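What follows is a single structure, written as structure tokens, with notes after it.
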Amino acid sequence: MAVFRVEKTRDFTVMSNHHLRNPRLSLKAKGLLSLMLSLPEDWDYTTKGLAYICKDGIDAISTTLRELEDQGYLTRERVRMSNGRLGTVEYTIHEQPQEPIAKPISPKRENPRQVNPVQVFPDKAFPDQDFSEQENPVQLNKDTRRTNKSNKDESTDKRDKTRVREYRELIKDNIEYDILVERYGAEKLDAIVELMLEVIISDHPYCVISSEKLPRDLVRSQLLKIDSSHIEFVLGELNETTSKVGNTRAYVLSALFNAPTNMDNHYQLEINHDFSQRRRRRKA
């Protein structure tokens, strides 16, 4: 679970008007940032804690936090534990937006292009011939159609490859692949990304989720909402699963599709349990 830390003037509840007057922020983002700035610094700054005092669920709060991060009001840093492994993500909340840190551009490899040698044939190899009587316009038309079809197929193939590449990059960006891969490894994450990609780019009108046939557009829309917190939740569920899974692909796809709803319900139950325990301790 992400940990939040606030940097603001101590012992005052007055906050900057910058975010309130920023036209690029949604009302939800302005409200959530105002709420976080008004809370004491020792408060439970987690998505679970924020969900308890807000009407919105964890999924909606995570989306709003991403908006604040995109606008520079939230910065994120992965905390490294004492054993050297990467631990939780620590967020810092700012009253003024921070400039994003430019990432170093990795050098590109040069791929030298191999030039195909052109063989020069002597003129004697092809003696002059008169083809005026041998022209076959019908055959020429067939060749033209074949060429046009080949060009069309190549163009379609290029568009399909571009579409696949763009969706793969979108999925990785949504789930914060570069951060999660350090914790869970490329093998697990790549398998999840390719499964989501396969379902998203499919042209079939329906997709089967938990033995139920659902419209492809609905499934595609839901999978494109998956973020890093959902992936961590699904991986946690998979690690805790002790029963034998017959169809792993269908099981993981169902877990991904239902992750936003299941995660909200799971954390809401945890919140209710935590506060119930606190009330009992106070009464005791």
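The values are calculated or read from the model by the stated rules, or taken from the named source; none is laboratory data. Since this is a predicted model, take the numbers as computed values, not measurements. Every residue, glycine as well, gets a Cβ built from its backbone with ideal geometry; the counts of neighbours run over all protein chains shown. Each accessible area value is taken on the protein alone, full model and side chains, heavy atoms only, with ligands, DNA and RNA left out. Shrake-Rupley method; radii C 1.70, N 1.55, O 1.52, S 1.80 Å.
Does Asp217 satisfy the condition of being of a type in the set (Asp, Glu), over 16 Å from the mean Cα position of the chain (by Cα) and not in a helix (DSSP H, G or I)? Spell out how you get there, then give the answer.
Values: of a type in the set (Asp, Glu): yes; over 16 Å from the mean Cα position of the chain (by Cα): yes; not in a helix (DSSP H, G or I): no.
No, not satisfied.
For beta carbons closer than 9 Å, sequence separation of 6+ or different chains, a first residue in the stretch 248-262 that is basic (Lys, Arg) and a second that is modelled with pLDDT of 90 or more, the qualifying pairs are Arg249/Leu195.
Within the stretch 13-39, residues that are under 14 Å from Ile93 (Cβ atoms) reach partners that are open to solvent by less than 30 Å² (accessible area, probe 1.4 Å) and of a type in the set (Gly, Ala, Ser) with beta carbons closer than 9 Å, at six or more positions or on different chains, in the pairs Met15/Ser34; His19/Ala29; His19/Ser34; Leu37/Ser16. Answer yes or no: is there a residue in the stretch 230-248 that is at pLDDT below 85, assigned to a helix (DSSP H, G or I) and either at positive phi or β-branched (Val, Ile, Thr) (or both). No, the stretch 230-248 contains no residue that is at pLDDT below 85, assigned to a helix (DSSP H, G or I) and either at positive phi or β-branched (Val, Ile, Thr) (or both).
Scan the stretch 192-203 for residues that are open to solvent by 60 Å² or more (accessible area, probe 1.4 Å) and at pLDDT 90 or above and jot them down.
As a first pass, look at the stretch 192-203 and keep what is open to solvent by 60 Å² or more (accessible area, probe 1.4 Å): 194, 198, 203.
The answer is Glu194, Glu198.
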